[in-house]
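The values are calculated or read from the model by the stated rules, or taken from the named source; none is laboratory data. On a predicted model such as this, the values are computed, not experimentally measured, just so you know. Virtual Cβ from ideal backbone geometry, glycine too; neighbours counted across all protein chains shown. The protein model used for the area step is the full one, side chains on, heavy atoms only, and it has no ligands, DNA or RNA in it. Shrake-Rupley method; radii C 1.70, N 1.55, O 1.52, S 1.80 Å.
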Amino acid sequence: MSIQTQFAYRSSSELEVWNAPPNAGLCENFKKHTTSVKSIKYTPSGDLFACIHADSIQIYKTSNYELTASIERSGIVDTKFSPMGTYLMTWERFVKSEGDSVHRNLCVWTALTGELVASYTQKAQSNCFLQWTHDESHCAKMVNNEVHFYKAPGFGDKVAMKLVMAGASYFSISPGRSPAVGVFVPEKNGAPARVAIFYLGSFKIPVANKTFYRADRVEMVWNKLGTSMILITHTDVDKTNKSYYGESRMYFLATSGNFDCAISLKKDGPIHDVEWNPAEKEFAVVYGYMPPRTSLFDHRGKEIFDFGEAHRNYASFNPHGRVLLIGGFGNLSGDVDLWERKTLKKIATFNENGASICEWSPDGRYILAATLSPRLRVDNGIRVWHYSGELVYKKEINELFQVQWRPETVEKFPQRASLSPAPKHLVIESKPLKPVAEVKSSYVPPHLRNVAGKNPGAGASAVPGSNPQPEKKSGAKRNRKKSKKPKEKEGDDNSDAQPPAPANGNGPSSSPAPSEQSSVVDVSKRLRNLEKKLTQIRGLKKKKDSGVELDAAQEKKLANEGDILKEIKELSQKK
């Protein structure tokens, strides 16, 4: 029996859980929420589902979506589950307390019961949560350049171990059954930056060590087993003056300490994304100034394949490591390429312009893309694509804030012998965002609206094709004429009426009215002006992608792109 994949979404008016294609439909076990929800979170295993409200957190079992715990707590800003979903961490903004008491704004709760088991003080939101080993036996946080480890369960304030390294500013715990700890020390007083890797519990001598210059901060990207690390270094200022956004470099370190190297890239510029293949000892990198280059490297830092240059800034393997998605989002056009890893051939291309997220389904066959508010307030909705490049599901939603797949372990979805085609006879649901009433009068450009004598829609409505109404006189002249005009008798109302138009349409009313002709000309002019603005915006995007800093007026032009596209669409329908 196949396992049904699901996704949850949160909008301004509702929270729902849906079954994903090929059997798309509303999940009957979950009761639709119509109250305001700040955020939603699944555990990494997908067994629990948390809904974060303004004053509480409700946790459900995903097997039947029954409520298992409720935590009454207000002011929660962010939440995160531990790797096995046993604990839920919450972070609130730090508030300075009066007296000797200190606000403990980082709390740890048991997910199944909602019981508070530990609380700490964490002022900054960046890297605010505890880091855990894969089996949840230990968790850790940084305190004054030291890494404090706590033993679970019942950890509380008792420190089980300390990793002391002078000047340390960042650490990361690897996944896998044999956890390692990577610690970063930035440059200081001419001394190079340093990254050291320790095995958990053996903090005297590092098993791997790497020193380098030009590093103000780092990212540590571990592979699935925790046996290798990609180290990405960043500087705030590029001393070569090639980029306004600083400089990036990349290194490879084996956890065992038997190998490390600097990754040689073919193109200068920022490193946009790095993604490990979950099934192989290899990784993909998107790097360089626009248009970036994408390459595949092995576990020794040697290039295996070059995917070429294109406007892309995102890479993601499906859970089986069989298909690689390379896309361009954010300020880019939203083009997405799908490559089969075995043959290293492109199998599909589609476009997701304006997408805020693009994620693989747990079974590795579908891709969920969504346009979210407040980044874009138009065309919000969910689209699901098959890896053959075919759109299999679409749902438009007003003010969509968040979408998330329900996680499942990849072992539940055995890998097929070959890439399967998209399912047939799927119903693609599409609901209009707002019903638009039919406009009976001719289109009037904005600059002519509510202008006396120019807007046929101002005052009494004008019927296209009818004779233009005479301009009204001032009050004094109108009153003098009215006093001289004799009172007409009933029955003489039609004495000055126009003769009826011929039935064959050859009369005066069959020719287009001047107002209708001018409106068509105005629509064409407006469309040409909007196209010019759109061309300017595209030019500004290219400048920004190449590292040129834009001023406030240029940034404002970029922000108006969505409104311009919407107006072009409306005018094209009326033309």
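General remarks:
- Filter pass, Val77 being touching a residue at least 40 places away in the same chain (Cβ under 8 Å), β-branched (Val, Ile, Thr) and outside any loop (DSSP other than H, G, I, E, B): yes
- Pairs with Cβ under 7 Å, 6+ apart, first in the range 376-401 and closer than 22 Å to Asp335 by Cβ, second open to solvent by 50 Å² or more (accessible area, probe 1.4 Å) and among the basic types (Lys, Arg): Val378/Lys566; Gly381/Lys394; Arg383/Lys394; Glu396/Lys431
- Residue match in the range 157-174 (condition: in contact (Cβ under 8 Å) with a residue 60 or more places away in the chain and within 23 Å of Asp273 (Cα to Cα)): yes
- Within this structure, Leu253 fails the test of being touching a residue at least 40 places away in the same chain (Cβ under 8 Å), open to solvent by less than 30 Å² (accessible area, probe 1.4 Å) and not in a strand (DSSP E or B).
Condition check ((1) out of contact with any strand residue (DSSP E or B) (no Cβ under 7 Å at 6 or more places or on another chain); (2) open to solvent by less than 30 Å² (accessible area, probe 1.4 Å); (3) in contact (Cβ under 8 Å) with a residue 24 or more places away in the chain) across all residues:
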{"site": "Ser101", "(1), (2), (3)": "yes, no, no"}
{"site": "Ala118", "(1), (2), (3)": "no, yes, yes"}
{"site": "His134", "(1), (2), (3)": "yes, no, yes"}
{"site": "Gly154", "(1), (2), (3)": "yes, no, yes"}
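- Meets criteria (at pLDDT 95 or above, within 26 Å of Leu534 (Cα to Cα) and either surrounded by fewer than 22 Cβ atoms within 10 Å (Cβ to Cβ) or in contact with a helix residue (DSSP H, G or I) (Cβ under 8 Å, 6 or more places away or on another chain) (or both)) for Asp306: no
- Residues of the range 263-294 that turn out to be open to solvent by 30 Å² or more (accessible area, probe 1.4 Å) and touching a residue at least 24 places away in the same chain (Cβ under 8 Å), as a count: 16
- Those helices (runs of 4 or more DSSP H) lying entirely in the range 487-575 with at least 2 residues among the aliphatic types (A, V, I, L, M) and either modelled with pLDDT under 50 or open to solvent by 60 Å² or more (accessible area, probe 1.4 Å) (or both): 514-545, 552-559
- Criterion (part of a strand (DSSP E or B), of a type in the set (Ser, Thr, Tyr) and touching a strand residue (DSSP E or B) at 6+ places or on another chain (Cβ under 8 Å)) met by exactly one of Ser172, Ser178: Ser172
- Flag if Val95 is at pLDDT below 95, of a type in the set (A, V, I, L, M) and open to solvent by less than 60 Å² (accessible area, probe 1.4 Å): no
- A search for C-beta distances below 8 Å between a residue of the range 10-36 that is more than 23 Å from Ala422 (Cα to Cα) and any residue that is among the acidic types (Asp, Glu) and outside any loop (DSSP other than H, G, I, E, B), counting only pairs 6+ apart in sequence or on different chains, returns Phe30/Glu16; Lys32/Glu16; His33/Glu16.
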